[in-house]
1. Please return the ranges of strands (runs of 3 or more DSSP E) entirely within the range 138-219 where 2 or more residues are open to solvent by 10 Å² or more (accessible area, probe 1.4 Å).
2. How many residues does the range 106-137 contain that are at pLDDT 90 or above and crowded, with 19+ Cβ neighbours inside 10 Å?
3. Among the residues of the range 122-137, count how many are assigned to a loop (DSSP other than H, G, I, E, B) and farther than 14 Å from Pro101 by Cα.
4. Just one of (1) touching a residue at least 40 places away in the same chain (Cβ under 8 Å); (2) open to solvent by 60 Å² or more (accessible area, probe 1.4 Å); (3) out of contact with any Leu (no Cβ under 8 Å at 6 or more places or on another chain) trips up Arg301, so point out which.
5. Six or more apart or on different chains, Cβ under 8 Å: which pairs go from a residue in the range 7-29 that's charged (D, E, K, R) to one that's open to solvent by 50 Å² or more (accessible area, probe 1.4 Å) and part of a helix (DSSP H, G or I)? Could you list them?
6. Could you go through the range 76-89 and let me know if any residue there is within 18 Å of Val142 (Cβ to Cβ), free of Cβ contacts under 8 Å to residues at least 24 places away in the same chain, under 15 Å from the mean Cα position of the chain (by Cα) and open to solvent by 10 Å² or more (accessible area, probe 1.4 Å).
7. Of all residues in the range 254-281, how many are open to solvent by less than 10 Å² (accessible area, probe 1.4 Å) and either farther than 18 Å from Val168 by Cα or of a type in the set (Lys, Arg) (or both)?
8. What pairs come out if I take residues in the range 237-258 that are farther than 19 Å from Val279 by Cβ and free of Cβ contacts under 8 Å to residues at least 40 places away in the same chain and pair them with residues that are open to solvent by 20 Å² or more (accessible area, probe 1.4 Å) and among the acidic types (Asp, Glu) whose C-beta lies under 7 Å away, six or more apart or interchain?
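The values are calculated or read from the model by the stated rules, or taken from the named source; none is laboratory data. This structure is a prediction, so every number in the text was calculated from the model and none was measured. Cβ: placed from backbone, ideal geometry, glycine included. Neighbour counts: every protein chain shown. Side chains included, ligands, DNA and RNA excluded: accessible areas come from the protein's heavy atoms. Shrake-Rupley method; radii C 1.70, N 1.55, O 1.52, S 1.80 Å.
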Amino acid sequence: MTSIKDVAAEAGLSVATVSRVLNDHPSVSPDARTRVLAAVETLGYRPNAVARSLRTDQTHTLGLVISDVLNPYFTELARSVEEEARALGYSVIIGNADERPDLQDHHVRNLLDRRIDGLLVSPTDGGSPLMLDAARGGTPMVFVDRWIPGVDVPVVRSDGPAAVRDLVAHLHGLGHRRLAIIAGPAATTTGSERVEAFRAALGEYGIPLPDAYTGQGDFQAESGRRVTEGFLDLPEPPEAVFAADNLMALGALDAIRARGLRVPDDVALAAFDDIPWFVHTDPPITAIAQPTGELGRAAVRALVDRIEGRPPESVTLPARLVVRRSCGEPPSPMQRSTSVQRSTS
């Protein structure tokens, strides 16, 4: 029976390239596509997923455990993972941990029982024994967005600290000096990293981060609301609040509006993880945007490399500050022109 390796040998290309052609991946060159299709015709190759699994002990299935499927960031991440996996000839089973370590372990255990070929995880904590055993026991694994320190697993992530420094510089340039942060869970790498990056960036300007201006959230909207209410109750509330997650930013916005206050006139607001909704709030929210789609695609490629015996590499992609109007930014020339037209109409 003709195999995909036979097709690769006939075409003079790698198995991965043949898989991309057969799954209609857009990155394949016209020459490679022509050679693969000619080899398929010559050899009479017909893929058979069941037979392939029995021969290679592979299911061509990947597992993905994300932290919160209701968070638009992770929804987009999951979509890009599924699209890239499909293009490379793999299916994806998704588990939603809902920011709960016990649910994370439940999904990891079930996925391993299903004989997946590899596992993508955005860990909800510092690593349960099950996660650590799977990572150290030879299961092909890649961490995406978050990671477990000290575990030898490739990590695909964005450079959040650099973007946080850009945000602090932006806020300082606008004249804000009393800056507060709604931090994510300290047990997650992104939760601890973002608050430490914020603290370090403030230190570059000689601005302290008092304990009263550091609120502990959990990457959920309700925690953003609760922490912001605490900030607003202070004798000297902060001038600007940085929510280290998009859902916490929406909770913060609710708390500010519930007090009859306005953004940015009474308090500025910025967020980590840009989402489409932020352009529709009034005012639109300044946010740090991660290259979510590329993170998902890069994570799949790293995992497939590991499954297929190629050395995978960790990847760090740039995040960027998207400046809008929630921190007291001056309106753009187009916005000023629109305002003048309305006032004269």
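1. Numbers: elements: 141-144, 155-159, 179-183, 214-216.
Fully inside the range 138-219 and qualifying: 155-159, 214-216.
2. 11
3. Here is the first cut: in the range 122-137, the residues assigned to a loop (DSSP other than H, G, I, E, B) are 122-128, 137.
When the remaining residues are screened for being farther than 14 Å from Pro101 by Cα, the result is 137.
Going through the range 122-137 one residue at a time, the tally reaches 1.
4. (3)
5. Listed by first residue and then by second, the contacts come to Glu10/Thr42; Glu10/Leu43.
6. Step one: list which residues in the range 76-89 are within 18 Å of Val142 (Cβ to Cβ), which gives 76-89.
Checking which are free of Cβ contacts under 8 Å to residues at least 24 places away in the same chain leaves us with 82.
Retained after the next criterion (residues that are under 15 Å from the mean Cα position of the chain (by Cα)): 82.
Still in the list and also open to solvent by 10 Å² or more (accessible area, probe 1.4 Å): 82.
Yes, some residue in the range 76-89 is within 18 Å of Val142 (Cβ to Cβ), free of Cβ contacts under 8 Å to residues at least 24 places away in the same chain, under 15 Å from the mean Cα position of the chain (by Cα) and open to solvent by 10 Å² or more (accessible area, probe 1.4 Å).
7. 4
8. Ala255/Glu229
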